[in-house]
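See structure below.
The values are calculated or read from the model by the stated rules, or taken from the named source; none is laboratory data. Since the model is a prediction, treat every value here as computed from it, not as a measurement. So basically every Cβ, Gly included, is an ideal-geometry build from the backbone, and we count neighbours across all protein chains shown.
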Amino acid sequence: MASARGKVALVEDDDDLRLATAQLLSLADFDVVAFERADAALGVVDAGWEGVVVTDIRMPGMSGIELFRTLQQRDPELPVILVTGHGDIAMAVETLKSGAWDFLTKPFSPDELLAAVERALRARTLALENRRLKAEAVTEYSSLLVGSSPAITRLRSMIPALADSDLDILIEGETGTGKELYARLLHRAGKRSRHRLLTLNCASLPADLEDELFAPVGASSLASANRGTVVLDNLDLASSSLQARLVQLAEERVLRARGSRDPIPLDIRIVATAGTTADRAEERIAPALFYRVAAVRLQMPPLRDRRDDVRTLFAHHVAQVSARLRKQIPDLTPVVSEFLSVHPWPGNVRELAHYAERFVLGLLDQRAEQSSISNGKSLPERVDAFERDAIIKAVRDANGEIGQAISMLGVPRKTFYYRIKKLGVDLAQLKREK
């Protein structure tokens, strides 16, 4: 059963001490793998070991110092805690200078060991996260629609079928959720990709440019997108006069320029976007237009509803900015890591993208972020948020099998149901997502 606190490889040749130390660490909720000999540990602990090593120095065969040096060659960032007698303190200090994480002198107190392991695990978690972040810089994304949450996975899976359809689409969602990105992906993946994608921001189109839009020719004319796709961005914010003219376009697929008797036929696919909620779209778009462009309605989820995707999206945008600016990716700090976890991201993916760019440029004010973290939520609130995310992730990973999710979390069944009630987790909704 995996532990939430991390793995510890314990190397100790004394049977009684190994058993007692392993029991202490297990009771403290660490996942312990115990070894009698150093060479046995080398067969398990590699550069991807998601934990730390606690090893005695004096052992038959390979010593703890030799084990440390071998592991350091595999992964210089792997924390190794040495356990030594009084006679080996000088040797342990020298090893610290060579990169060992810490050393404990026998007899050590349980609190000393637990504190040292916890500090080392925090450092290891951050190091591995930095490693994964930098690895993303060389990863080719198969899709720009990044994430693995159920809603995003479903939207991504719909692209092939929708892309070659001629049905008009209405994409709804809060600002910054990626509505226009999804529209571009639909165009790029379909048969119309050889022709123009014309994006019209309906919220900011001056009235005197409407005639230009409906003219028979011109770079800004709808005619320039013939056989392609027209994206009516922020359609819910369009003026009543613009909406009236778009009704005719959506219904007849012709351009009727002012003063001209002859309609110009158009072969276009319309993809409209509207924010914040479905109710707002229906309230603000004229019914005659709404029901023509909303043959298919899609909802882009806000980032707060797909928190498991935050770090993946952050890594994606960091990789893009790093490549564009030809700058190295900075190390992730504990403050930035926690900010990613607890910030509500009201600006959604757009806000996260801007945050990633400031991170690469070294422009983050980490003192302000630490204050935001502290002021935004109390410690109990932050713990509850973490626990809620962990429960939701476990249920999703278990495909809605509650018994399996409980086993993954390592908590009693009664505790599990008490916590989901207290934290307001909707199990029925999670089961429907599978």
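Summary of computed values
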item	result
Residue among 177, 125 that alone is in contact with a Gly (Cβ under 9 Å, 6 or more places away or on another chain) and closer than 30 Å to residue 7 by Cα	125
Per-region count, the stretch 382-409, residues outside any helix (DSSP H, G or I) and out of contact with any Lys or Arg (no Cβ under 7 Å at 6 or more places or on another chain)	2
Residue match in the stretch 26-48 (condition: in contact with a helix residue (DSSP H, G or I) (Cβ under 7 Å, 6 or more places away or on another chain), touching a residue at least 60 places away in the same chain (Cβ under 8 Å) and closer than 26 Å to residue 128 by Cα)	yes
Number of positions in the stretch 294-311 that are of a type in the set (Asp, Glu) and either over 14 Å from residue 150 (Cβ atoms) or surrounded by 20 or more Cβ atoms within 10 Å (Cβ to Cβ) (or both)	1
Count - residues of the stretch 18-40 that are over 23 Å from residue 71 (Cα atoms) and of a type in the set (A, V, I, L, M, F, W, C)	5
Any hit, the stretch 289-300, residues being more than 30 Å from residue 424 (Cα to Cα), assigned by TED's automatic domain parsing to the domain that holds residue 193, touching a His at 6+ places or on another chain (Cβ under 9 Å) and modelled with pLDDT of 95 or more	no
Residue match in the stretch 32-43 (condition: among the β-branched types (Val, Ile, Thr), in the same structural domain as residue 74 (by TED's automatic domain parsing) and closer than 18 Å to residue 103 by Cα)	no
Residue count for the stretch 168-216, restricted to those that are among the charged types (D, E, K, R), assigned to a loop (DSSP other than H, G, I, E, B) and in contact (Cβ under 8 Å) with a residue 40 or more places away in the chain	2
Among residues of the stretch 312-332, those that are surrounded by fewer than 21 Cβ atoms within 10 Å (Cβ to Cβ) and hydroxyl-bearing (Ser, Thr, Tyr), counted	1
Test set (1) within 19 Å of residue 305 (Cα to Cα); (2) modelled with pLDDT of 85 or more - residue 376 fails condition number	(2)
Yes/no for residue 245 being under 39 Å from the mean Cα position of the chain (by Cα), surrounded by 14 or more Cβ atoms within 10 Å (Cβ to Cβ), assigned by TED's automatic domain parsing to the domain that holds residue 172 and within 23 Å of residue 179 (Cβ to Cβ)	no
Only one of 192, 227, 124, 131 that is modelled with pLDDT of 90 or more and within 30 Å of residue 32 (Cβ to Cβ)	124
Residue that is farthest from the chain's Cα centre (by Cα), among those in the stretch 212-242 that are surrounded by fewer than 19 Cβ atoms within 10 Å (Cβ to Cβ) and charged (D, E, K, R)	212
Residue 16 at pLDDT 90 or above, among the acidic types (Asp, Glu), within 39 Å of the chain's Cα centre (by Cα) and assigned by TED's automatic domain parsing to the domain that holds residue 127	no
Check on residue 30, under 16 Å from residue 110 (Cα atoms) and aromatic (Phe, Trp, Tyr)	yes
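Residue-wise test of (1) within 22 Å of the chain's Cα centre (by Cα); (2) modelled with pLDDT under 90.
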site	(1), (2)
89	no, yes
119	no, no
141	yes, yes
148	yes, yes
162	no, no
169	no, no
188	no, yes
199	no, no
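Results for (1) under 25 Å from residue 163 (Cβ atoms); (2) modelled with pLDDT of 90 or more, shown as yes or no for each residue.
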| site | (1), (2) |
| --- | --- |
| 236 | yes, yes |
| 244 | no, yes |
| 250 | yes, yes |
| 257 | no, no |
| 268 | yes, yes |
| 276 | no, no |
